[in-house]
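The values are calculated or read from the model by the stated rules, or taken from the named source; none is laboratory data. This structure is a prediction, so every number in the text was calculated from the model and none was measured. Methodologically, a virtual Cβ is constructed for each residue, glycine included, from the backbone with ideal geometry; neighbour enumeration extends over all protein chains shown. Areas reflect the complete protein model, heavy atoms only, side chains present, ligands, DNA and RNA absent. Shrake-Rupley method; radii C 1.70, N 1.55, O 1.52, S 1.80 Å.
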2 protein chains.
Amino acid sequence: MISKNQLKLIHSLELKKQRKKTGLFLVQGEKNVSELFNSDFEVVNLFATPEYINKNSALLSQKQLVSLTIESTAEELQKAGTLKTNNTVIAIVKSKASELPDIKNNQLVLVLDQVGDPGNLGTIIRVADWYGIEHIICSTDCADLYNPKVIAATMGSFARVKVSHTDLYSYLSAQDKPIYGAFLEGENIHKSKLVDNAFIVMGSESHGISEQVGQLITDKITIPNFGQAESLNVAMATGIILDNFKR
Amino acid sequence: MISKNQLKLIHSLELKKQRKKTGLFLVQGEKNVSELFNSDFEVVNLFATPEYINKNSALLSQKQLVSLTIESTAEELQKAGTLKTNNTVIAIVKSKASELPDIKNNQLVLVLDQVGDPGNLGTIIRVADWYGIEHIICSTDCADLYNPKVIAATMGSFARVKVSHTDLYSYLSAQDKPIYGAFLEGENIHKSKLVDNAFIVMGSESHGISEQVGQLITDKITIPNFGQAESLNVAMATGIILDNFKR
């Protein structure tokens, strides 16, 4: 059974302020929790149905999670969680400090400027994982990695791709790799020379890349438009650009 | 002011059954409504704030919509509409019959099998419009084009891309163009010969392409995976595949 205090804690973790204060976040649903078990994130508590616990008993023992697991009904989980479709498992997990990565040579790094929508950030993390991107650097006003909507949209990729938040202007000013940036009036990406050892900056749909960060872009690129839509969603544009870099 | 009966009608159009019965649907928000005005869809009523009406008075006269426009407050529009962020304008519009298109030669046609999520269908219509796709053929269990979430996600592209629903097996059986289909174990799309005069079939994320439709696929294709994500969202995959066909 989920106690009143546990329920209160789970609900509080929907708020960034509380996630920051407690250093905890939620991972919900079978797919995301199974990816969590493959990572080095530390689980504090696991709430799960008897069926889930039975099915995963070997794994839970191996991960030393048996004593941290609390049997719950589907109804309790439905009430506690933020996802419409999850009534199987919720984990409370320790978050990690947002550290700037050591970037290897010949590594593409994704940079997000003002991507505030959690669904977009999560979808970008997922497609970055598909294309083997290890690091995403976000502006401080991007969505919080530990927002439940971000975690849900990553479909488990949150456990692999490293996401940090920092001041992009200072960070990128200190770099000497090419810095590609997506603009509506950039060079046709189908015809551009795209190198692997670079940063790719994506701006938000409504504001684009901020002026300050824009000054640091060495190569403006664009996805050519064959029809009449005025723009693409930022997650979609990121996926298409990564495909062009990786082909 | 929005009358009680009008409010009831607007709310009822959230339901497919009522949209079918009345032959009406909703278009909400400035961007989508402005694209609506560029199309041949017939507006039945327009609910808008005085500011919107002022700003667009010339256009409303030209479109002979003045007598069909009902001045409303932002609060009324917020209550009536289904979108969190729209409190400016809502249109009630006549839907069109779902007719199978005449397909020209050298035209790529997108085919969606069991894409039930309205957000995905809307995003696919938007990216199809970006790549100049004129026709999308959906299986009968795809989301309804006139679902408010579909229309919202198209960002106006619903007014340009023609979407029809039909039995895919019968429809595709009668075609003699190549039929590409996205599978996890298909040929690497970066290395495939992709011709413009073809159908591209995309299945749902959870079920893929149905077995029956799968039998009609002439070319199985796949987006190569450079990392560890298990799959891509169907809208994302559609965008990346269209980019590969169009490059």
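B:K162 versus (1) farther than 30 Å from B:E42 by Cα; (2) open to solvent by 30 Å² or more (accessible area, probe 1.4 Å): which is the lone unmet condition? The failed condition is (1).
Within the range A:209-247, which residues are more than 24 Å from B:R160 (Cβ to Cβ), surrounded by fewer than 22 Cβ atoms within 10 Å (Cβ to Cβ) and facing chain B (nearest Cβ under 8 Å)? A:N244, A:K246, A:R247, listed by residue number.
Scan the range A:192-199 and give yes if some residue there is buried (at least 19 other Cβ atoms within 10 Å of the Cβ) and either outside the structural domain of A:C138 (by TED's automatic domain parsing) or among the β-branched types (V, I, T) (or both), otherwise no. No, there is no match, as no residue in the range A:192-199 is buried (at least 19 other Cβ atoms within 10 Å of the Cβ) and either outside the structural domain of A:C138 (by TED's automatic domain parsing) or among the β-branched types (V, I, T) (or both).
Using the structure shown, decide if A:E14 is touching a Lys or Arg at 6+ places or on another chain (Cβ under 9 Å) and within 23 Å of A:V161 (Cβ to Cβ). Judged against the criteria, A:E14 is not a match.
Quick one: is A:H165 within 14 Å of chain B (Cβ to nearest Cβ) and not charged (D, E, K, R)? Spelling it out, it is not the case that A:H165 is within 14 Å of chain B (Cβ to nearest Cβ) and not charged (D, E, K, R).
Here is a yes/no grid of residues against (1) surrounded by fewer than 18 Cβ atoms within 10 Å (Cβ to Cβ); (2) within 22 Å of A:T85 (Cβ to Cβ); (3) modelled with pLDDT of 95 or more:
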| site | (1), (2), (3) |
| --- | --- |
| A:V109 | no, no, yes |
| A:D129 | no, yes, yes |
| A:L168 | no, no, yes |
| A:E185 | yes, no, no |
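Apart from one condition, A:G156 fits all of (1) open to solvent by 10 Å² or more (accessible area, probe 1.4 Å); (2) under 19 Å from A:L83 (Cα atoms); (3) within 11 Å of chain B (Cβ to nearest Cβ); (4) not hydroxyl-bearing (S, T, Y); the exception is (1). Evaluate the following for A:G214: is it of a type in the set (G, A, S), free of Cβ contacts under 8 Å to residues at least 40 places away in the same chain and touching a strand residue (DSSP E or B) at 6+ places or on another chain (Cβ under 9 Å)? Yes. For the subset of the range A:218-245 comprising residues that are out of contact with any helix residue (DSSP H, G or I) (no Cβ under 9 Å at 6 or more places or on another chain) and of a type in the set (S, T, Y), which member is nearest to B:A237 (Cα to Cα)? If we take residues in the range A:218-245 being out of contact with any helix residue (DSSP H, G or I) (no Cβ under 9 Å at 6 or more places or on another chain) and of a type in the set (S, T, Y), then A:T222 is nearest to B:A237 (Cα to Cα). Within the range A:200-247, being at pLDDT below 95 and under 21 Å from B:N225 (Cα atoms) holds for one residue alone: A:R247. Residue count for the range A:117-127 satisfying the condition of being open to solvent by less than 10 Å² (accessible area, probe 1.4 Å) and more than 12 Å from chain B (Cβ to nearest Cβ): 1.
The residues of the range A:63-106 that are part of a strand (DSSP E or B) and under 22 Å from the mean Cα position of the chain (by Cα), listed by number, are A:V89, A:I90, A:A91, A:I92, A:V93, A:K94. In the set A:K94, A:K149, A:K84, only one residue is surrounded by fewer than 24 Cβ atoms within 10 Å (Cβ to Cβ) and more than 14 Å from chain B (Cβ to nearest Cβ); that residue is A:K94. For A:S139, the stated conditions do not hold, so it cannot be described as open to solvent by 20 Å² or more (accessible area, probe 1.4 Å) and more than 19 Å from A:F41 (Cβ to Cβ). Within the range B:8-44, the residues that satisfy the criterion of being in contact (Cβ under 8 Å) with a residue 24 or more places away in the chain and farther than 20 Å from B:L65 by Cβ are B:H11, B:E14, B:K16, B:R19.
Yes or no: B:K104 open to solvent by 20 Å² or more (accessible area, probe 1.4 Å), within 14 Å of another protein chain (Cβ to nearest Cβ) and out of contact with any strand residue (DSSP E or B) (no Cβ under 8 Å at 6 or more places or on another chain)? Answer is no for this residue.
Scanning the range A:23-40 for residues that are open to solvent by 60 Å² or more (accessible area, probe 1.4 Å) and either touching a strand residue (DSSP E or B) at 6+ places or on another chain (Cβ under 9 Å) or not in a loop (DSSP other than H, G, I, E, B) (or both) yields one hit, A:E30. Scanning the range B:41-62 for residues that are part of a loop (DSSP other than H, G, I, E, B) and either open to solvent by less than 80 Å² (accessible area, probe 1.4 Å) or among the hydroxyl-bearing types (S, T, Y) (or both) yields a count of 3. Take B:I151 and decide whether it is over 18 Å from the mean Cα position of the chain (by Cα), β-branched (V, I, T) and outside the structural domain of B:N32 (by TED's automatic domain parsing). For B:I151, the condition - over 18 Å from the mean Cα position of the chain (by Cα), β-branched (V, I, T) and outside the structural domain of B:N32 (by TED's automatic domain parsing) - is not met. Taking the condition without any contact (Cβ under 8 Å) to a residue 12 or more places away in the chain, out of contact with any Lys or Arg (no Cβ under 7 Å at 6 or more places or on another chain) and either in the same structural domain as A:S206 (by TED's automatic domain parsing) or open to solvent by 30 Å² or more (accessible area, probe 1.4 Å) (or both), does A:D113 pass? The answer is no for A:D113.
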